[in-house]
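A short worksheet on the structure shown next.
The values are calculated or read from the model by the stated rules, or taken from the named source; none is laboratory data. Since the structure is predicted, the reported quantities are computational estimates derived from the model, not experimental observations. All Cβ positions, glycine included, derive from the backbone under ideal geometry; neighbour counts span all protein chains shown.
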Amino acid sequence: MTQAKIPVDLILSKLAEEAEKVQSRAGKASEVLLEDLDTAIAQTPYEVVYQEDRVKLKHYLPRTKSRYKTPLLVTYALINRETMLDLQPGRSVVERFLDSGIDLYMIDWGYPTRKDRFLGFDDHINGYMDNIIDFIRERHKVEKVNLMGICMGGTFSVIYSALHPEKIKNLVTTVTPTNFDTKKGLLHVWMENIDVDRVVDTFGNLPADMMNLGFLLLNPARLMIDKYVGFMEHNDNKQFVENFVRMEKWIFDSPDLPGEVFRQFIKDCYQGNKLLKNQMEVGGQLVNLKKLTMPLLNIYGKFDHLVPPEACDQLVNHVGSKDTEDICLDTGHIGIYVSSKYQKEFAPKIAGWLKDRDHIPPKRAPRKKTAVGKTAAAAKKPRRTKISNK
Amino acid sequence: MNEKKEDPSGMTSMVDTWLKSLSDLFGNMTAQQNTTQGQQQPWTMASQGANPKAQATMDAAFQNWQSMANAMAAPESISALLKGSGAMPEMLLKLSQNSLNGFGEMQQSIIDRLSRMGATAEAYEFQDIDENIFSTWTDIYEKEFQQFFQIPQLGLMRTYQEKANQVADKYNLLQSTLAEFLNLLGLPFNQTMQAMQEKVGEMAEEGTLPDDSKVYYNMWVKVLEGRFMTLFQTPEYVETLARTINTLADFSAARDSALEDLLGSLPVAKRSDMDDMARELYELKKRFRILEKKLKE
């Protein structure tokens, strides 16, 4: 029998060292936490140029000369807030787009209240989004706008582009769930069994706190323990604390989700996977992805635990467009937008892709219901590439 | 003697006297009524002439009562009446016995149910009591206790009582399901602790124990994360999660319904009133927007 070699002396001395460090850190941390901290988010200047009910349209003030003929509208999800794209100066997708010369608009869905519980996909897509896009078209005197959707906002954008292709020049989808027939993401597994009617009929809207608890439960070890252990280890670092608080502010700044949106999202998407099957109905119209003929750039994260790659990578195979591109980044759901490393790749990639397609057709079509998306698709040589940044 | 045996308390003569005086009373009242009518004041004559049917009904009633009192005063009727009153205590005793038996049976049924609780619990393996105690409790509650909250309520306040019972029942269900759910969430911690003990034991044997506490923490978090991921994909977890959400929704619905009743008596709008109004507003807005778009086109 061998004698166990336990370095008790080393362990004890390390513990003593650690205790000293913790004590010194605690002293500094109290100084940092009591100091004036800059934790403001969404600081890039903008003006609200359109408002309908609780929904606002932000137009970001240009930082440089516009280099694009077509303005870009960003549609965020109804879950959490669009401020994620502009967390702080120097770490902002919005800034990067503006620096590229993009004329940038963004939808702020606001905070739905109980009176908004009856608003469904149709009201958001054929109502608010369509009115906003008409407003931008009118304002810029253009037939089409560029549309970029994020997460559920991406799903809205896909549906919108299939229903109104004559108004969309290029479509960019990021971490957008379109294939719900997968067991890879826990949300997909959990949502299959949820009695959505009971939840919506009882609560009206899906309460944000319930949703947030659900998101935290996706990985409690990291999101409820390790994250705060990390904070305690670095809370003497002012910059770290500021960034951490900014992120906390964004994560828990959660509006309730309108009940009817939640009902249709769960029933038609998570439980029925109707979008890819061209069986989804919005406002009495069938959503046919073959009508989505404009150029499509589809970006998603390899380590996304909310919308796994399997939920995103099917879209390009189902649309009518011949100009599609898939990009899989080695990051997660939020990392694409907030990580400095990926912001350097992500925003310039989108800006460049849009620039390549920012031409004006030789003859401007008269303002009527045209053959949808024909101009953009026909002018480009059909291209289907898949880039995986591994 | 015989007389005393038949009527030891003098009851027959008492009843006889009472019935005779009752008969005289109704006779006098009828006569009085007729006399009064004859001396009616001029200002009441109109009403008399106006409703002769009412007077006839009154006369008939008094006469009926008089004849009934006469008939009852007959000796054979009195003895029958007394016989009946003698049977009264016996009847009451039987009635109360039946009622008590009924209560006894109900109590027995409750005792049976409580003893069955043990039988229900036996179906579970108590050697694993730590793991299934909460699901066992939920099951016992659903099978043995829930019915008490579903006993039909009666009377004017039945609706309110029924709703109060619903709130209590749904609250109990939520608590037991929530305990089951939280217990499931606690399992990865226990498993991680066991795994860590084994791992540290192995490392101690191999002499590769790290001296940095951070390494232990990282190991623990990694194992914990893995255990959670495994748990979250199990059908048991998915089913318990869905059940917890359902019981929460059921409790909220029952609570809201009971609260709405309370609010009904106060001068404030109820949530359902506001919901109705919001729906109407939503539909009107939608119609308005469609018309507006059509006009623009």
Of the conditions (1) touching a Lys or Arg at 6+ places or on another chain (Cβ under 6 Å); (2) within 10 Å of chain B (Cβ to nearest Cβ), the single one that residue A:205 does not satisfy is (2)
When the residues of region B:149-204 are filtered to those that are under 25 Å from the mean Cα position of the chain (by Cα) and among the small types (Gly, Ala, Ser), which remaining residue is surrounded by the fewest Cβ atoms within 10 Å (Cβ to Cβ)? B:155
Matching residues, region A:170-186, being crowded, with 17+ Cβ neighbours inside 10 Å, more than 10 Å from every other protein chain (Cβ to nearest Cβ) and either at pLDDT below 90 or over 15 Å from residue A:272 (Cβ atoms) (or both): A:170, A:171, A:172, A:173, A:174, A:175, A:176, A:185
If you take the residues of region A:209-235 that are in a loop (DSSP other than H, G, I, E, B) and touching a helix residue (DSSP H, G or I) at 6+ places or on another chain (Cβ under 7 Å), which of them is farthest from residue B:220 (Cα to Cα)? A:235
Among the helices (runs of 4 or more DSSP H) confined wholly to region A:307-356, which include 2 or more residues that are at pLDDT 95 or above and under 20 Å from residue A:79 (Cα atoms)? A:309-312
If you go through region A:219-239 one residue at a time, how many are in contact (Cβ under 8 Å) with a residue 24 or more places away in the chain and charged (D, E, K, R)? 3
What tally of residues in region B:225-260 results from selecting those that are within 7 Å of chain A (Cβ to nearest Cβ), outside any helix (DSSP H, G or I) and among the β-branched types (Val, Ile, Thr)? 0
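Residue-by-condition table, conditions (1) of a type in the set (Lys, Arg); (2) more than 22 Å from residue B:225 (Cβ to Cβ); (3) free of Cβ contacts under 8 Å to residues at least 24 places away in the same chain:
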residue	(1), (2), (3)
A:279	no, yes, yes
A:293	no, yes, no
A:303	no, no, no
A:316	no, yes, no
A:320	no, yes, no
Per the filter on region A:208-218, residues within 10 Å of chain B (Cβ to nearest Cβ) and hydrophobic (A, V, I, L, M, F, W, C) are A:210, A:217, A:218
Can you pull out the residues in region A:187-202 that are surrounded by 16 or more Cβ atoms within 10 Å (Cβ to Cβ), more than 7 Å from chain B (Cβ to nearest Cβ) and modelled with pLDDT under 95? A:187, A:188, A:191
So how many residues does region A:228-275 have that are closer than 14 Å to residue A:156 by Cα, of a type in the set (A, V, I, L, M, F, W, C) and more than 20 Å from the chain's Cα centre (by Cα)? 0
Of these, A:278, A:298, A:273, which one is surrounded by fewer than 22 Cβ atoms within 10 Å (Cβ to Cβ), within 29 Å of residue A:166 (Cα to Cα), in contact with an Asp or Glu (Cβ under 8 Å, 6 or more places away or on another chain) and not β-branched (Val, Ile, Thr)? A:273
Output the residues belonging to region A:84-99 that are of a type in the set (A, V, I, L, M, F, W, C) and more than 17 Å from residue A:247 (Cβ to Cβ). A:97, A:98
Only one of B:209, B:295, B:284 is over 44 Å from the mean Cα position of the chain (by Cα), over 30 Å from residue B:135 (Cβ atoms) and part of a helix (DSSP H, G or I); which? B:295
Lone unmet requirement of (1) within 23 Å of residue A:233 (Cβ to Cβ); (2) facing chain A (nearest Cβ under 7 Å) for residue B:207: (1)
Would region A:112-133 turn up any residue that is more than 14 Å from every other protein chain (Cβ to nearest Cβ) and in contact (Cβ under 8 Å) with a residue 12 or more places away in the chain? no
What do you reckon, is residue A:221 within 30 Å of residue B:251 (Cα to Cα) and more than 13 Å from chain B (Cβ to nearest Cβ)? no
Look at residue B:234 and say whether it is at pLDDT below 95 and buried (at least 17 other Cβ atoms within 10 Å of the Cβ). no
Are any of the residues in region B:271-292 free of Cβ contacts under 8 Å to residues at least 12 places away in the same chain, small (Gly, Ala, Ser), closer than 30 Å to residue A:15 by Cβ and facing another protein chain (nearest Cβ under 9 Å)? no
